[in-house]
Every structure is written in structure tokens, then in C-alpha cells.
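Below is one structure; the comments refer to it alone.
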Amino acid sequence: MKQEDINLLKQLGLTTYEAKAYITLSSLIQATADEISNKSDIPRSKIYDVLKRLNSKDYLKIESGRPLTYHVNPPVNVLKREKEKFIKRINNTSHHLNTLYEKKISEVEAPIWRISGLNNIIDKELEIIRRSKKTINMRIGFLLQDEGSKLVYELLLKSENVKINIMVSPYCQISYKKFNITKLFNQKNVNIYTTDVPYVKMLISDSKEMMHIYSKFSKESGEILPNTAIGIWNQYEEIANNYNKRFENQLKKIANNNVK
């Protein structure tokens, strides 16, 4: 009997004795209380109450007789059911906590933060994208390591309901390799505009919040120096709205030039 299996079942709401009894019955398929007690080392004085609780939780079925026979409900069915319940609880809690977080963060007196560390910067970008309701405007002059695929995934989830415009450089340098940014972001319902973008990245969501990302680059290879990357997250709506207007005006100029 593996301790990790016991620990997992306990996370799903079983006691130690209940977890041991279920694991034991899974290996026996059907058995009496005495047989389960002997193999699981659960005291006989406890085993009937343990099996009764497992029955009420639909982990097993009881067949009448003398003695009673206990039949295991297949683990694949039980764990699928418990997994769905667990995920639903996580999603409910996530929604509740995010609602509290977003309500409170909008009340912060000076909503500008400096963010360092590649993972922290990328996580904040994805958080802003997930929170957007109407528009996402991005200017991408470079990409951090492992950032591109994560951005594409989140943008595609949003693209059915949110208008997405991305202004990109034709290429950027990642790990000494020239990378085609345009090809990466050329996805359904995502508007791509290719132009000369400086080595800076900007994300604006709903004209309400934005993030600038900066980094130093190697003079020899043009590669990003990861330890120098920083993000400036800004929730001043006036500032975000002004940057958004400038962004959209630039898009119009690019579109007009393409027509000519």
C-alpha cells in the first residue's frame, strides 16, 4: 500500500482508515469486514464504521448476508467523479478569490508596480489577458524565453469574445536564434500588424490597465539578458486610455500605408 495513494485519497476527503480500507478492497474486489481488517491493519472495532462511511460516500456497495460482503466501486469511476468535484471546488474558489482580488486591487491608491523575474513578468501578462473583457492591444518588439506559446494559448482563448490587435517586429532573437514573431501570432481572430517595433513590449487591456516590459540585450548577439527584464504594471485608467489611443492611431497609419 503506497503512502502517496493514501495521501491523495485523504486530499479528496477520506480519513486514513477510509483510504486504507478502500485501497485494500480495490485489491480484493470483494471481501468481508474481517478480511479487509486483517489486510489493512484497521482494528476490527473500527472497520464496520469505516466501511459504512465508505458506502455512504459511494466508494463501495454492501451485499446483504452473514457476514456482509463489501464490493468495491471501480477506482476509475470513483476517482473520475471525485476529480470532477475537486476541480469544481477549485474553480468556484478561484472565481471567488479573483473577484475579491480584482475589486480590491482597483481600490489601491497608487496602482503602479515594478515586476521582476521572467516567470513573474509572464504570469502578470497572462493574468491581464485573462481579465480583459473587450480589447487587447499589444506591441511586441521581443519575446522572453518560453513566453510566445503561453501568450498564443491565452490569446486564442480570448479571441472569440475580445478584439485583439498585435503590432510586431518581423523577427526577434531568442537563445541566439532569429525567430519569426509574425508567424507565431498569426492565429484566427487575431489581427497582426507588422512594422518596426523597438526592443520594448506593451500590453493594454480594455483601455484600463497596461504593462510595459523592458530588457537589456547582448551587443554581440542581440539576445535578451534575462536578469535585466522588468515589467511596469499600471492600472491608472487615464494613462492606459491615452496609450491605447496612441496605439490605435498608429494602427490606422500602418493600415493606410498598406493600402497605398
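Taken over the range 115-129, the criterion of being in contact with a Leu (Cβ under 8 Å, 6 or more places away or on another chain) and modelled with pLDDT of 90 or more is satisfied by I121, I122, E125, L126, I128, I129. Take the residues in the range 1-33 that are more than 19 Å from P74 (Cβ to Cβ) and out of contact with any helix residue (DSSP H, G or I) (no Cβ under 7 Å at 6 or more places or on another chain); name whichever of them is surrounded by the most Cβ atoms within 10 Å (Cβ to Cβ). The residue in question is T32. Among residues of the range 225-242 that are free of Cβ contacts under 8 Å to residues at least 24 places away in the same chain, those with a beta-carbon under 9 Å from a residue that is among the charged types (D, E, K, R) and surrounded by 12 or more Cβ atoms within 10 Å (Cβ to Cβ) at least six positions away or on a different chain give the pairs L225/K216; N227/K216; T228/K216. Restricting attention to the range 223-260, which residues are more than 23 Å from W113 (Cα to Cα) and either loosely packed, with under 14 Cβ neighbours inside 10 Å or among the aliphatic types (A, V, I, L, M) (or both)? Within the range 223-260, N249, L251, K252, K253, I254, A255, N256, N257, N258, V259, K260 meet the criteria.
Residue-by-condition table, conditions (1) without any contact (Cβ under 8 Å) to a residue 24 or more places away in the chain; (2) over 21 Å from the mean Cα position of the chain (by Cα); (3) open to solvent by 90 Å² or more (accessible area, probe 1.4 Å):
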position	(1), (2), (3)
D58	yes, yes, no
R66	yes, yes, yes
T69	no, yes, no
P74	yes, yes, no
R81	yes, yes, no
R89	yes, no, yes
S94	yes, no, no
L97	yes, no, yes
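Within the range 24-56, restricting attention to residues that are touching a Ser or Thr at 6+ places or on another chain (Cβ under 8 Å) and free of Cβ contacts under 8 Å to residues at least 24 places away in the same chain, the residue that is nearest to L12 (Cα to Cα) is T24. Checked against (1) under 30 Å from R131 (Cα atoms); (2) β-branched (V, I, T); (3) touching a Pro at 6+ places or on another chain (Cβ under 9 Å), T93 passes all but a single condition, namely (3).
For (1) in a loop (DSSP other than H, G, I, E, B); (2) surrounded by 15 or more Cβ atoms within 10 Å (Cβ to Cβ), each residue gets a yes or a no:
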position	(1), (2)
G148	no, yes
Y153	no, no
M167	no, yes
V197	yes, yes
M210	no, yes
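Out of all the residues in the range 198-212, is one or more under 24 Å from K253 (Cβ atoms), modelled with pLDDT under 80 and within 25 Å of the chain's Cα centre (by Cα)? Checked the range 198-212: no residue is under 24 Å from K253 (Cβ atoms), modelled with pLDDT under 80 and within 25 Å of the chain's Cα centre (by Cα). Determine, yes or no, whether N227 is of a type in the set (S, T, N, Q) and not in a strand (DSSP E or B). Answer is yes for this residue.
The values are calculated or read from the model by the stated rules, or taken from the named source; none is laboratory data. Predicted, not measured: the structure shown is a model, and the values here were computed from it. In this analysis, Cβ positions are derived from the backbone assuming ideal geometry, glycine residues included, and neighbour counts consider all displayed protein chains. The accessibility values were calculated without ligands, DNA or RNA, using every heavy atom of the protein model including side chains. Shrake-Rupley method; radii C 1.70, N 1.55, O 1.52, S 1.80 Å.
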